[in-house]
Structures are given as structure tokens and as C-alpha cells.
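Reading through the C-alpha cells given below for one structure.
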Amino acid sequence: MNVLERFLQSEINTQELYDDIILFITSFHIRNGEFEGNEFIIKKMDQTNYIIFPEYEGGDGEREIHAAIAIYRNNLIKEINDCATKKGIIVREIKN
């Protein structure tokens, strides 16, 4: 399973988490930053580019990143909406 599939499986599970993730991605008030999910981090590089990766702490307490994916905003929103629809968790879909 690739990073994006693992992210969708792990993070898109409730309406509340879906809303929080989509609002982070689509917010023009957040120019860059990180959203910490259950297992994955969404790193907002700018308004259109994102990096998604699972975060692990090494024995020394430092962040270890073993795999990551860079993805364009519209593609990420589409993947999240498709996954949420398949899982039946979307009550209200937030568009880009």
C-alpha cells in the first residue's frame, strides 16, 4: 500500500476529522504549516503543494520519515472526498 492509500485509510474515518483536514487544506489563512493526524502529518508548503508522511519518533526522540508523497491541492482534495464518500462519512462535502 502506498503512502496516500495508507493516509486515507488511517486518517479519513470521521466527519469531524474530514472537516478538520479539508479546512486545513483549503484555508487561505494558513499559508504553510502542519496538520497532525492520528498517524500522518500533512505539511502545507504553500496554497497548492502538500507533503504527506507518517511520523515516527526514533529512539533519540527525533522525527523519522521513512516515506512521503508530494501532492497537488486539487488532487489531494479529490482523493480525500472520494475516500470519504466510499466510507460513507461525508455529511457535507467541502469543495476547493
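The values are calculated or read from the model by the stated rules, or taken from the named source; none is laboratory data. Note that the structure is predicted; figures quoted are calculated from it, not measured. Cβ atoms come from the backbone with ideal geometry, glycine included; neighbour counts cover every protein chain shown. Calculation scope for accessible area: heavy atoms of the full protein, side chains included, ligands and nucleic acids excluded. Shrake-Rupley method; radii C 1.70, N 1.55, O 1.52, S 1.80 Å.
Of all residues in the range 20-49 being aliphatic (A, V, I, L, M) and touching a helix residue (DSSP H, G or I) at 6+ places or on another chain (Cβ under 7 Å), which is farthest from Ile90 (Cα to Cα)?
Top of the filtered list is Ile30.
Mind checking which residues of the range 32-47 are touching a strand residue (DSSP E or B) at 6+ places or on another chain (Cβ under 6 Å) and open to solvent by less than 60 Å² (accessible area, probe 1.4 Å)?
Gly33, Phe35, Phe40, Ile41, Ile42, Lys44
For a quick check of your reading of the model, give me the residue pairs whose first member lies in the range 4-23 and is within 10 Å of Ile80 (Cα to Cα) and without any contact (Cβ under 8 Å) to a residue 60 or more places away in the chain, whose second is buried (at least 17 other Cβ atoms within 10 Å of the Cβ) and acidic (Asp, Glu), with beta-carbon atoms closer than 8 Å and at least 6 apart or on different chains.
That search, which allows pairs on different chains as well, returns Ile21/Glu11.
Of all residues in the range 57-91, how many are acidic (Asp, Glu), in contact (Cβ under 8 Å) with a residue 40 or more places away in the chain and surrounded by fewer than 16 Cβ atoms within 10 Å (Cβ to Cβ)?
Result for the range 57-91: 0.
Looking at the range 1-57, which of the residues that are of a type in the set (Val, Ile, Thr), in a helix (DSSP H, G or I) and within 11 Å of the chain's Cα centre (by Cα) is nearest to Ala67 (Cα to Cα)?
In the first step, residues of the range 1-57 are kept if they are of a type in the set (Val, Ile, Thr); the result is 3, 12, 14, 21-22, 25-26, 30, 41-42, 48, 51-52.
With in a helix (DSSP H, G or I) added as a condition, the list becomes 3, 21-22, 25-26.
Now restrict to residues that are within 11 Å of the chain's Cα centre (by Cα): 3, 21-22, 25.
Values: Val3: 7, Ile21: 20, Ile22: 22, Ile25: 20 Å.
Once the filter is applied, the top-ranked residue is Val3.
Being out of contact with any helix residue (DSSP H, G or I) (no Cβ under 6 Å at 6 or more places or on another chain) and not aliphatic (A, V, I, L, M) is the filter here, so list the residues in the range 50-62 that pass it.
Listed by number, the residues that qualify are Phe53, Pro54, Glu55, Tyr56, Glu57, Gly58, Gly59, Asp60, Gly61, Glu62.
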